[in-house]
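Engineer: The structure's right below; bear with me while I get my questions together.
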Amino acid sequence: MSKKLILDLPLTAVMRKEIALTLQQVMKIHTVGSFLGAWRSPKTQKTIEQIFDTPQQAHHAAATCAAWLGLSAPPVRGPVDAWWKDDEPAMLSA
């Protein structure tokens with residue numbers, strides 16, 4: 001997968017739905033690339049931190065997305081609750 005394709009991934013493909021949709025609706029951030037671009041601003045970073053369950057989750061998400069591009073980011077201390085899509089509970093059909 002090329003780096004360009006990673007930047008174009010929709011947030012809904014990699015983040016829990018409630019986080020991705022809030023970033024899209026409140027901040028107009030729709031892709032991994034726009035998420036990383038917004039993360040670079042300290043003011044925007046604070047707003048993004050408030051959308052995640054914890055600031056550590058937001059830092060972990062930014063570090064993970066940056067790592068997909070081969071960029072280094074400082075590690076996040078301690079355990080981080082899941083922010084990524086695969087940890088969403090499965091919906092049971094009745």
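Engineer: List the pairs whose first member sits in the range 53-66 and is farther than 22 Å from Leu5 by Cα and surrounded by 21 or more Cβ atoms within 10 Å (Cβ to Cβ), whose second member is charged (D, E, K, R) and at pLDDT below 95, and whose Cβ atoms are under 8 Å apart, counting only residues at least 6 apart or on separate chains?
Structural biologist: From residues that are farther than 22 Å from Leu5 by Cα and surrounded by 21 or more Cβ atoms within 10 Å (Cβ to Cβ), the pairs are Gln57/Asp81.
Engineer: Can you tell me which residue in the range 50-70 is nearest to the chain's Cα centre (by Cα), limited to those that are within 16 Å of Arg40 (Cβ to Cβ) and among the aliphatic types (A, V, I, L, M)?
Structural biologist: Of everything passing the filter in the range 50-70, Ala61 is nearest to the chain's Cα centre (by Cα).
Engineer: Being in a helix (DSSP H, G or I) and either touching a residue at least 60 places away in the same chain (Cβ under 8 Å) or in contact with a helix residue (DSSP H, G or I) (Cβ under 7 Å, 6 or more places away or on another chain) (or both) is the filter here, so list the residues in the range 28-40 that pass it.
Structural biologist: Val32, Gly33, Phe35, Leu36, Ala38, Trp39
Engineer: Can you name every residue in the range 13-24 that is within 15 Å of Phe52 (Cβ to Cβ) and in a helix (DSSP H, G or I)?
Structural biologist: Lys17, Glu18, Ile19, Ala20, Leu21, Thr22, Leu23, Gln24
Engineer: Oh, and also: Would you confirm whether or not the range 41-49 contains a residue that is in contact (Cβ under 8 Å) with a residue 24 or more places away in the chain and under 20 Å from Gly70 (Cβ atoms)?
Structural biologist: No, the range 41-49 has no match at all.
The values are calculated or read from the model by the stated rules, or taken from the named source; none is laboratory data. Being a predicted model, the structure only gives us computed values, none of them experimental. Virtual Cβ from ideal backbone geometry, glycine too; neighbours counted across all protein chains shown.
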